[in-house]
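Asker: I'd like to ask you about the structure that follows.
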2 protein chains.
Amino acid sequence: MDAKLEKYFKYVDENTKYFIDQLREVVAIPSVSADHTKRHHVVEMGKWLEKRLLDLGCQVKMIDLGMQTLQGVEVPLPPVVLASYGDDKDKKTITIYGHYDVQPALLSDGWNTEPFTLVEEEDGRLVGRGATDDKGPVLGWLLCLEAHQKLDIEIPVNLKFCFEGMEESGSIGLDEVIIDQADKWFKGTDYTCISDNYWLGTTKPALTYGLRGNNYFHLEVSGPQADLHSGVFGGVVQEPMTILTNLLSNLVDINGKIKIPHIYDQVAELTEEEDKTYSSLSFQNSDLINDLKADIVIHSENADSLKSRWRYPSLSIHGVEGAFYDPGSKTVIPSKVTGKFSIRSVPFMDPATISKLVIDHINSEFAKLDSKCKMRVWEESSGRWWYSSPNHPNFVAGSRAIKRVFNVEPEMTREGGSIPVTLTFEEALKTNVLLLPMGAANDGAHSTNEKVDKYNYINGIKLYGAYWAEIAALAK
Amino acid sequence: MDAKLEKYFKYVDENTKYFIDQLREVVAIPSVSADHTKRHHVVEMGKWLEKRLLDLGCQVKMIDLGMQTLQGVEVPLPPVVLASYGDDKDKKTITIYGHYDVQPALLSDGWNTEPFTLVEEEDGRLVGRGATDDKGPVLGWLLCLEAHQKLDIEIPVNLKFCFEGMEESGSIGLDEVIIDQADKWFKGTDYTCISDNYWLGTTKPALTYGLRGNNYFHLEVSGPQADLHSGVFGGVVQEPMTILTNLLSNLVDINGKIKIPHIYDQVAELTEEEDKTYSSLSFQNSDLINDLKADIVIHSENADSLKSRWRYPSLSIHGVEGAFYDPGSKTVIPSKVTGKFSIRSVPFMDPATISKLVIDHINSEFAKLDSKCKMRVWEESSGRWWYSSPNHPNFVAGSRAIKRVFNVEPEMTREGGSIPVTLTFEEALKTNVLLLPMGAANDGAHSTNEKVDKYNYINGIKLYGAYWAEIAALAK
């Protein structure tokens, strides 16, 4: 195995230019799923993958998801691209997920270069929309497979791919496909691997074993049938916006402490063992402050910031619908306003319990106000937290692969956000899921000047091959 | 005088159809000042007035206000139309203000008929954008003058007109014109009259002698340089939106009581005499509740609602700029949010004192939070309240004119909103200003299906003639 991997690593290093050219080709397809005028490019990108996978000898199945109305226009949903390679009963089978759509990007948003033209900077940054999220990783798997074929190295595992084109726009239809195909296309999967997140820092590779969940709430206060003039009605009627700000101000304090009674009751206790793991991680509040360009970090200890992100719930107020939001001034009393807020959940909070506690709390606060306006609060959506064992063989293989490529132990990380498909794969396929990031913390996935470092991209492609090899080695 | 007025009233009654046709003609010009694609119609409406005034033998001066950038497009500001009729040293001189631009209106907003096609309903409602605000009144003055000429009745006063085309869009440039022309075009003005507000109810004519002022504030809280993802940063950083909702919730309670210390100190005390005036007014909370389609009225006594509107300050929260405002859900932590709120002021509150109290209060509340985010609060604009003596000769004449036309005493009213030009005329021309409404409370000035009742329109035109006559009679 070692000799084969050595050969593969060498090949990857020697073909850096080709790999970057390939990335340039996919970045050039502006597959922005959120923009109806770009939707045909998402479909185009799906077809690009189909052709490439067929050329590599994969079986491919394009799952048509039908149509969608986007910005008032009927557009096709991009297909889910399923592919498989190998069907050897003596090998383990890995299902690999990625997405081929990207976030919107305009030069005028503040990009230094054309977002859909990959630019290789002198310091090794490969700048372009999708470079790290998630075209670099998706392409990486294909290039890994291709390299093995060119080197005539047998693929040590059976592969199943699942690439979607709607990740940045709510993954419409994906869950249904995974559930439906669990016993069909995905049958026989031993391990699942998702490469769609990031290292904790910029130098140390990571494996990710936990995600927070999210319960999203809408809180609507309504009064008159139509908006009113504050000159005529100010002081005369109860105003929905006054009531809403009152209710929103009773959700969380400015240092992140949630004010909803019993919300912390189900949060896992911090054991001494877990506590120790934070001290060795490459996370610095000072880096955070640099990135944010503002010292607004709540905790003074680095570890406390990570704990807040990974293992404690948080509540954010996202905005208000229905009130005046433009620049300038308007003397309106909005008739109906809807506050939006969400709670990031952690082990072992039960989503239904969170929902009940929030709604009970707001009902009780509203009752205290004795208001004549109407109030409704509901859970708009909810996704559970995910927490896997970092000692599972899937993670052991990932860890060994990292050791091979980078000659270090991975940082075992969790994320503050959610990647809902992780849970879907875990539950539908009944397999362990490994999150195996390629990019670094500062890649700016949804931001301007998104990049992947050449170092991460090239070593990521090596890592994928090493991961396959280590999965295969597990069985022996 | 009586015979002449009788003759005039009779003529108005007999020419109802012509007057409505004339209103139809001006409503058909969609002079929406807020829409750059309609701006040429505002200019067209100004020219219509110019021609009409010249045909009536007026001297006319069109004041060019230059250009404006609106919605990114360079458009001309519509001219201020100045006109004068008569220069008899033995007569009193009245300056009359009105505006010829209108609010936006689209059939799709919920109009039952084309907004720019005047429709005469069977119940006497003349429906069309601008019918009551303010084309009916502006045209009314011209038709009054024309009728006198046709009847060969001498105009008993000298007239000066000031018609602007930007009232619905901030009256850009108007104050400067009034101030500049105070000793020129408006020289010799004895009384000013503005017909751009409404009766208190729907049956009794009114004279208006008071308006509330308005101090508008922006309260900005900023944290990170860019918006953040609540998964990654929730619980880790202080969030501007949490701080803003906290500060906004400390401004006013849900029953309109302003929480800013000392804000009520300068409010005029309610004398027994003033208190009595409220009991006879034709205002019912039940009408209000019907109009609002919701019982959200704070006070159970009719008089208390009017006092709240007219003689007590109020604070309304209008909205938030920079937060998520669309329908749906977004897990954003907004980086910079600006709350918008304003205080309606009343006699004898000093605008500068209001500003200081508000800013001091917010600074003090923000200091209590001990936050790492940045906060700025400033007064964006301020307009003083206006309060005139209802016993001034200008009001006496108005009152007598109402008695002549309607055979009742007027309701002496104030308004909760502001009409800033009132103060400008009072101060620049150093004359008393009478607000002489034509329309009724339910005309829906800025709403869909705006109307003026034929009763109000026709009797309003009579009222204008009677007002001129009564002003002339004062001198005798």
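Asker: In the stretch B:389-426, what residues are at negative phi, modelled with pLDDT of 95 or more and of a type in the set (S, T, N, Q)?
Answerer: Scanning the stretch B:389-426 gives B:394, B:399, B:413, B:422, B:424.
Asker: Then there is this: Name the single residue, out of those in the stretch A:44-59 being in contact with a strand residue (DSSP E or B) (Cβ under 6 Å, 6 or more places away or on another chain) and surrounded by fewer than 17 Cβ atoms within 10 Å (Cβ to Cβ), that is farthest from residue A:158 (Cα to Cα).
Answerer: Taking the candidates together, the pick is A:54.
Asker: Just one of B:430, B:374 is more than 25 Å from residue B:348 (Cβ to Cβ) and among the charged types (D, E, K, R); which is it?
Answerer: Residue meeting the stated conditions: B:374.
Asker: Report yes if residue A:365 is facing another protein chain (nearest Cβ under 7 Å), of a type in the set (Asp, Glu) and either surrounded by fewer than 18 Cβ atoms within 10 Å (Cβ to Cβ) or closer than 25 Å to residue A:256 by Cα (or both), otherwise no.
Answerer: Taking the combined requirement at face value, the residue does not satisfy it.
Asker: Now, a different point. Name the single residue, out of those in the stretch A:385-407 being away from chain B (no Cβ under 14 Å) and under 30 Å from residue B:332 (Cβ atoms), that is surrounded by the most Cβ atoms within 10 Å (Cβ to Cβ).
Answerer: Taking the candidates together, the pick is A:388.
Asker: Looking at the stretch B:174-192, which of its residues are under 25 Å from residue B:398 (Cα atoms) and either among the acidic types (Asp, Glu) or not assigned by the TED database to the domain that holds residue B:59 (or both)?
Answerer: Within the stretch B:174-192, just B:190 meets the criteria.
Asker: Another one. All but one of (1) within 13 Å of chain A (Cβ to nearest Cβ); (2) within 19 Å of residue A:232 (Cβ to Cβ); (3) surrounded by 20 or more Cβ atoms within 10 Å (Cβ to Cβ) hold for residue B:293; state the number of the condition that does not hold.
Answerer: Residue B:293 satisfies every listed condition except (3).
Asker: Could you list all residues from the stretch B:62-75 that are exposed (fewer than 10 other Cβ atoms within 10 Å of the Cβ) and closer than 19 Å to residue B:47 by Cα?
Answerer: Passing the criteria: only B:66.
Asker: Looking only at the stretch A:333-341, decide whether some residue is over 27 Å from the mean Cα position of the chain (by Cα), surrounded by fewer than 20 Cβ atoms within 10 Å (Cβ to Cβ), outside any strand (DSSP E or B) and at pLDDT 95 or above.
Answerer: no
Asker: Can you find a residue that is buried (at least 16 other Cβ atoms within 10 Å of the Cβ), in contact with a Pro (Cβ under 8 Å, 6 or more places away or on another chain) and under 24 Å from residue A:55 (Cα atoms) anywhere in the stretch A:76-89?
Answerer: So far as the stretch A:76-89 goes, no, none of its residues is buried (at least 16 other Cβ atoms within 10 Å of the Cβ), in contact with a Pro (Cβ under 8 Å, 6 or more places away or on another chain) and under 24 Å from residue A:55 (Cα atoms).
Asker: Now a separate question. Show the residue pairs meeting these rules: Cβ distance below 6 Å; 6+ apart or different chains; first residue within the stretch A:14-40 and at negative phi and surrounded by fewer than 18 Cβ atoms within 10 Å (Cβ to Cβ); second residue assigned to a helix (DSSP H, G or I) and among the β-branched types (Val, Ile, Thr).
Answerer: A:16/A:458
Asker: Yes or no: the stretch B:110-132 includes at least one residue that is farther than 18 Å from residue B:460 by Cβ, in contact with a Ser or Thr (Cβ under 6 Å, 6 or more places away or on another chain) and acidic (Asp, Glu).
Answerer: no
Asker: If residue A:112 satisfies all but one of (1) over 30 Å from residue A:447 (Cα atoms); (2) in a loop (DSSP other than H, G, I, E, B), what's the number of the condition it fails?
Answerer: It is condition (1) that residue A:112 fails.
Asker: Inside the stretch B:228-238, can you point out the residues that are closer than 12 Å to residue A:292 by Cβ and either part of a loop (DSSP other than H, G, I, E, B) or touching a Ser or Thr at 6+ places or on another chain (Cβ under 6 Å) (or both)?
Answerer: Within the stretch B:228-238, B:236, B:238 qualify.
Asker: Now a separate question. If a residue has to be buried (at least 22 other Cβ atoms within 10 Å of the Cβ), within 14 Å of chain B (Cβ to nearest Cβ) and either more than 17 Å from the chain's Cα centre (by Cα) or under 12 Å from residue B:229 (Cβ atoms) (or both) to count, how many in the stretch A:408-418 make the cut?
Answerer: Residues in the stretch A:408-418 being buried (at least 22 other Cβ atoms within 10 Å of the Cβ), within 14 Å of chain B (Cβ to nearest Cβ) and either more than 17 Å from the chain's Cα centre (by Cα) or under 12 Å from residue B:229 (Cβ atoms) (or both): 2 in total.
Asker: Quick check: anything in the stretch B:124-142 free of Cβ contacts under 8 Å to residues at least 40 places away in the same chain, more than 28 Å from residue B:471 (Cα to Cα) and surrounded by 14 or more Cβ atoms within 10 Å (Cβ to Cβ)?
Answerer: No.
Asker: Among the residues of the stretch A:296-312 satisfying the criterion of being within 23 Å of the chain's Cα centre (by Cα), within 7 Å of chain B (Cβ to nearest Cβ) and not in a helix (DSSP H, G or I), which is nearest to residue A:348 (Cα to Cα)?
Answerer: Among those that are within 23 Å of the chain's Cα centre (by Cα), within 7 Å of chain B (Cβ to nearest Cβ) and not in a helix (DSSP H, G or I), it is A:312.
Asker: Of A:330, A:276, A:356, A:340, which residue is facing chain B (nearest Cβ under 9 Å), free of Cβ contacts under 8 Å to residues at least 60 places away in the same chain and not polar (S, T, N, Q)?
Answerer: Only one candidate qualifies: A:330.
Asker: In the same structural domain as residue B:96 (by the TED database) and aliphatic (A, V, I, L, M): which single residue out of B:219, B:139 fits that description?
Answerer: Only one candidate passes the filter, namely B:139.
Asker: Can we say residue B:244 is in the same structural domain as residue B:415 (by the TED database) and either free of Cβ contacts under 8 Å to residues at least 40 places away in the same chain or not in a loop (DSSP other than H, G, I, E, B) (or both)?
Answerer: Judged against the criteria, residue B:244 is not a match.
Asker: Within the stretch B:344-354, is there a residue that is in contact with a strand residue (DSSP E or B) (Cβ under 6 Å, 6 or more places away or on another chain), β-branched (Val, Ile, Thr) and not in a strand (DSSP E or B)?
Answerer: Yes: one or more hits.
Asker: Anything in the stretch A:429-440 that is surrounded by 20 or more Cβ atoms within 10 Å (Cβ to Cβ) and farther than 14 Å from residue A:96 by Cα? List them, or say none.
Answerer: A:439, A:440
The values are calculated or read from the model by the stated rules, or taken from the named source; none is laboratory data. It should be emphasised that the depicted structure is a prediction, and the values quoted were computed from it without experimental measurement. Cβ sites come from the backbone with ideal geometry, for glycine too, and all protein chains shown count toward neighbours.
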